[in-house]
Amino acid sequence: MRRNFPSGRKLRPVDLARDSGLSTQAVRNYEEAGILPAADRTPHGYRVYTPLHAQALRAFLALVPGHGHQTATSVMRAVNQDAVDEAFRLIDESHAQLLDDRGTLKAVENALRELESTTAPEPGAGPEPAAVSGPGGTFIGPLAVRLGIRPATLRKWERAGLVRPRRDPRTGYRVYDEADVRDARLTHQLRRGGYLLEQIAPLIAQVRAAGGLEPLEAALGDWHGRLSARGRAMLTGAAELEAYLRQRPRGQERGPAAR
């Protein structure tokens, strides 16, 4: 449980550990990593912490859920080295990544809607032409025609790991099964949306991990929830970091140009 330590009180590692739910060794490790400011020592070598150290630890632990351990560590190190502008830059980058992730989610949702509209058969329509042109799948030419792209594009996507056709053991031709066609369609829609191949790769991995488009659709709500939780955690982290900055002695909030 969080405790309000009186200003000027001397604290032991165990006091910070109890306040944060960590071990005393973790507290010492965080100081050595630069997450906490350096502690004074007693004549016998024991660490002496203050409420400022307790707030630094609270700020770090609050930053981790929204920004990740590595960024939170870098932010606290920058603050403790009086490079507050650098800390703000790291936080800005993390917010930009969250915005990019929201854009990725929207792109996936748009691509899924496009796929649903393009794969749904029209009333009275016959089977899709060249739907299967080989044993258990379709060859590269018919699939390229279906997507309106060149076979060379499919080969490029294969090199990027976006589609993984097997080879016919007799002819050596590429054979695309239903999952390959699905991945090719999704890649095609995302490319039309302006996404680069390296941006599409993790999305295809999400589809494969989910087991297809329908499970992925069910997971989109969870994806939304995780992004919202991350954004809220960033607000909590910002509040605790601001409290730490307020407690730091004046003259210690300088950027690189002031050093």
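The values are calculated or read from the model by the stated rules, or taken from the named source; none is laboratory data. Since the model is a prediction, treat every value here as computed from it, not as a measurement. Virtual Cβ from ideal backbone geometry, glycine too; neighbours counted across all protein chains shown.
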Exercise. How many of the residues making up the stretch 89-115 are without any contact (Cβ under 8 Å) to a residue 40 or more places away in the chain and of a type outside the set (S, T, N, Q)?
Worked result: 10
Problem set entry | Qualifying residues in the stretch 145-182 (those that are buried (at least 17 other Cβ atoms within 10 Å of the Cβ) and of a type in the set (D, E, K, R)) - the one farthest from Arg113 (Cα to Cα) | Arg174
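Count, please, the residues in the stretch 208-225 that happen to be at pLDDT below 80 and in a helix (DSSP H, G or I). Full working, then the answer.
Initial filter on the stretch 208-225 (at pLDDT below 80): 210-223.
If we keep only those that are in a helix (DSSP H, G or I) too, we end up with 210, 213-223.
Summing the residues that are at pLDDT below 80 and in a helix (DSSP H, G or I) in the stretch 208-225 gives 12.
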Exercise. So Gly45 clears everything in (1) in a helix (DSSP H, G or I); (2) surrounded by fewer than 18 Cβ atoms within 10 Å (Cβ to Cβ) except one condition, right? Which one?
Worked result: (1)
Exercise. Among the residues of the stretch 50-63, which ones are touching a residue at least 40 places away in the same chain (Cβ under 8 Å) and part of a helix (DSSP H, G or I)?
Worked result: Pro51, Leu52, His53, Ala54, Gln55, Ala56, Leu57, Arg58, Ala59, Leu61, Ala62, Leu63
For this session: Looking only at the stretch 157-181, count how many residues are in contact (Cβ under 8 Å) with a residue 40 or more places away in the chain, in a helix (DSSP H, G or I) and out of contact with any Ser or Thr (no Cβ under 9 Å at 6 or more places or on another chain).
Result: 1
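Go over the candidates Ala17, Ala38 one by one and state the one that is at pLDDT below 95, assigned to a helix (DSSP H, G or I) and surrounded by fewer than 19 Cβ atoms within 10 Å (Cβ to Cβ).
Details: Ala38 fails: assigned to a helix (DSSP H, G or I).
Checking each option against the conditions leaves just Ala17.
For the stretch 20-35, which residues satisfy the criterion of being assigned to a helix (DSSP H, G or I) and under 25 Å from the mean Cα position of the chain (by Cα)?
Our first condition is that a residue be assigned to a helix (DSSP H, G or I); within the stretch 20-35, this holds for 20, 24-32.
The answer is Tyr30, and nothing else.
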For this session: Exactly one condition in (1) exposed (fewer than 15 other Cβ atoms within 10 Å of the Cβ); (2) at pLDDT below 80 is not met by Ser228; state its number.
Result: (2)
Exercise. So how many residues does the stretch 28-48 have that are in contact with an Asp or Glu (Cβ under 9 Å, 6 or more places away or on another chain) and over 17 Å from Ala243 (Cα atoms)?
Worked result: 4
For this session: Could you tell me whether any residue of the stretch 183-201 is of a type in the set (Lys, Arg), closer than 15 Å to Leu112 by Cβ and touching a helix residue (DSSP H, G or I) at 6+ places or on another chain (Cβ under 6 Å)?
Result: yes
Seminar exercise, completed: Output for Cβ contacts, cut-off 6 Å, separation at least six or different chains, first residue within 14 Å of Ala111 (Cα to Cα) in the stretch 196-207, second among the polar types (S, T, N, Q) and part of a helix (DSSP H, G or I), reads Ile200/Thr187
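For the stretch 66-94, enumerate the residues that are assigned to a helix (DSSP H, G or I) and within 11 Å of the chain's Cα centre (by Cα).
We begin by selecting, within the stretch 66-94, every residue assigned to a helix (DSSP H, G or I); these are 66-67, 69-80, 84-94.
Once the filter is applied, which keeps residues that are assigned to a helix (DSSP H, G or I) and within 11 Å of the chain's Cα centre (by Cα), the stretch 66-94 yields Gly66, His67, Ser94.
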